Amino acid sequence: MDKLIIQGNIPLTGEIKISGAKNAALPILAASLLIPEPIQISNVPQLQDVATIMSLLGQMGVRMSLDDKSNIEADASNVTSFFAPYELVRTMRASVLVLGPLLGRFGEANVSLPGGCAIGTRPVDQHLKGMRALGADIEVENGYIKAKAKKRLEGTTIVMDIVTVTGTENIMMAAVLAKGQTIIQNAAREPEVEDLANFLNALGAKISGAGTATIIIDGVEKLTGGTYSVLPDRIETGTYLTAAAITRGKIKLKNARPETLESVLLKLQEAGAFIDTGSDWISLDMKGNRPRAITLSTAPYPAFPTDMQAQMMALNTIAEGTGIITETVFENRFMHVQELLRMGANISLKGNTAICTGIEALQGAPTMATDLRASASLVLAGLAAVGSTTIDRIYHIDRGYECIEEKLTQLGARIHRVPN
Ligand code: UD1
């Protein structure tokens, strides 16, 4: 397994380009199953998770090609299998996103249950509840979701018990070709949900309200081919901004969408960052100052994203003062804390709350990545630490950050990958 080695304590400076959003690209690629004609999707990040969904769709008979400029062509005119095996779903939970499109277009799906993961139990009961409400028969047998619809799905009103991102996306995709109108209440408002709706609308769907808590889908007979460019990644954006803040640096991110990460920008300003934005760029300047500790609580969009919690914890480890971070979305998302403690951080955990009093400097140490965003927090800690930090099991990072060493090197970091 590859490792990353970072020589820290260097302020990041310079300019990089943000990639397309992983969490928008995955549902958009899954949605290709709904369309019996070729589609072209651009600004797709080259990531392990994207490779996983392409491989899954390929096994189902979707013809896919990728060029070297991050454009994907997908052609689902000849889907031959409705099966998503455990081996693939286990490596990436978002594989469950094929359930809605398969049911919506073919009335049949056999998708492995994703099971738990490092950050929590993560059930899919809300996805199944939505599919059943649309008229599908669903049984969970031998670890698989076996879904069948005897006739075309039928629109209805679905009130989600909890706010779920992929749950909302799955139901939206199932409803696009259903008969009549579907209303999803208490829908997730994440920009990636809106991006998926924009993509589907570009190909003939009739969806309104995406980005709000009530999404209305008027079923159509058929979607047609077309082109779409994926939204920039707000979590990658927030991660690099925090990397600049933790190293007291000054950076500019191009191809970013500031309006999708306001809660993060506000917290970074509270930490002492000077932030400037344009329609497609964000700059951050710490003016050489040590960050101030921040207090935050994660919650669904537009509140502070759980996917930025670990990175903010890293920032607090070297900040001035004490910050309190409460995680409300996932029950076990503090795995990075143990590793940060090994670098000298002062953090105490009480249930879903982490209290961190900043120290002057972290010390480099050998560490282990445990999940995607936890890994990002270790990279940030390593960039700020005095000495050398090794991060093992970085396949987690490769799931979600395109060319992370290249981008950080471009910003002046001393980072390299050691293959094992
Ligand atoms: C998505 C994101 C992930 C992000 C998360 C929360 C993708 C591919 N992944 O994951 O990066 O961290 O949103 O912003 O977009 N839950 C249930 N029942 C369900 C579904 C969810 O109880 O049927 C719970 C989960 O266990 C969790 C909470 O709801 O506690 C939110 O999870 P959810 O929004 O579904 O996360 P994902 O869509 O899996």
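Here's the yes/no breakdown for (1) closer than 30 Å to Ile415 by Cβ; (2) out of contact with any Cys (no Cβ under 8 Å at 6 or more places or on another chain); (3) at pLDDT 95 or above:
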| position | (1), (2), (3) |
| --- | --- |
| Leu12 | yes, yes, yes |
| Leu26 | yes, yes, yes |
| Pro38 | no, yes, yes |
| Met60 | no, yes, yes |
| Phe82 | no, yes, yes |
| Arg93 | yes, no, no |
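Cβ-Cβ under 9 Å, sequence separation 6+ or interchain: first residue in the stretch 93-109 and open to solvent by less than 10 Å² (accessible area, probe 1.4 Å), partner within 11 Å of the ligand (Cβ to nearest atom) and of a type in the set (Asp, Glu). Which pairs? Hits for this filter: Leu97/Glu169; Gly100/Glu169. Can you spot a residue in the stretch 104-118 that is in contact with an Asp or Glu (Cβ under 8 Å, 6 or more places away or on another chain), hydrophobic (A, V, I, L, M, F, W, C) and at pLDDT below 95? For the stretch 104-118, residues in contact with an Asp or Glu (Cβ under 8 Å, 6 or more places away or on another chain), hydrophobic (A, V, I, L, M, F, W, C) and at pLDDT below 95: present.
Please verify whether Ile207 is in contact with a Ser or Thr (Cβ under 6 Å, 6 or more places away or on another chain) and either part of a strand (DSSP E or B) or within 30 Å of Asn332 (Cα to Cα) (or both), treating the condition exactly as stated. No, not satisfied.
For the stretch 18-52, residues that are part of a helix (DSSP H, G or I) and farther than 12 Å from Leu66 by Cβ total 14.
Residues that are more than 12 Å from the ligand (Cβ to nearest atom) and in contact with a Leu (Cβ under 9 Å, 6 or more places away or on another chain) number at least 1 in the following helices (runs of 4 or more DSSP H) confined to the stretch 54-158: 86-91, 99-106.
Of the residues making up the stretch 1-31, those that are away from the ligand (no atom under 16 Å from the Cβ) and open to solvent by less than 10 Å² (accessible area, probe 1.4 Å) are Leu4, Ile6, Leu12, Ile16, Ile18. Listed by first and then second residue, the pairs with beta-carbon distance under 9 Å, at least 6 apart or on different chains, first residue in the stretch 68-80 and under 24 Å from Arg105 (Cβ atoms), second aromatic (Phe, Trp, Tyr), are Val79/Phe106. With the requirement that a residue be away from the ligand (no atom under 13 Å from the Cβ) and either open to solvent by 10 Å² or more (accessible area, probe 1.4 Å) or of a type in the set (Val, Ile, Thr) (or both), what does the stretch 159-183 give you? Answer for the stretch 159-183, where residues must be away from the ligand (no atom under 13 Å from the Cβ) and either open to solvent by 10 Å² or more (accessible area, probe 1.4 Å) or of a type in the set (Val, Ile, Thr) (or both): Val159, Val176, Leu177, Lys179, Gly180, Gln181, Thr182, Ile183. Would you check if Lys407 is charged (D, E, K, R), open to solvent by less than 30 Å² (accessible area, probe 1.4 Å) and away from the ligand (no atom under 14 Å from the Cβ)? Yes, satisfied.
Check whether at least one residue in the stretch 218-230 is among the β-branched types (Val, Ile, Thr), closer than 30 Å to Ile404 by Cα, surrounded by fewer than 22 Cβ atoms within 10 Å (Cβ to Cβ) and modelled with pLDDT of 95 or more, and report yes or no. Yes, the conditions are met somewhere in the stretch 218-230. Contact annotation: residue pairs with Cβ atoms under 9 Å, 6 or more positions apart or on different chains, pairing a residue in the stretch 39-51 that is without any contact (Cβ under 8 Å) to a residue 40 or more places away in the chain with a partner that is open to solvent by less than 10 Å² (accessible area, probe 1.4 Å) and within 13 Å of the ligand (Cβ to nearest atom), are Val50/Ala25; Val50/Leu26; Val50/Leu29.
The values are calculated or read from the model by the stated rules, or taken from the named source; none is laboratory data. Just so it is clear, the model here is predicted, and its values are computed rather than measured. Glycine gets a Cβ as well: all are built from the backbone with ideal geometry, and neighbour counts include every protein chain shown. Accessible surface areas use protein heavy atoms only, side chains included; no ligands, DNA or RNA. Shrake-Rupley method; radii C 1.70, N 1.55, O 1.52, S 1.80 Å.
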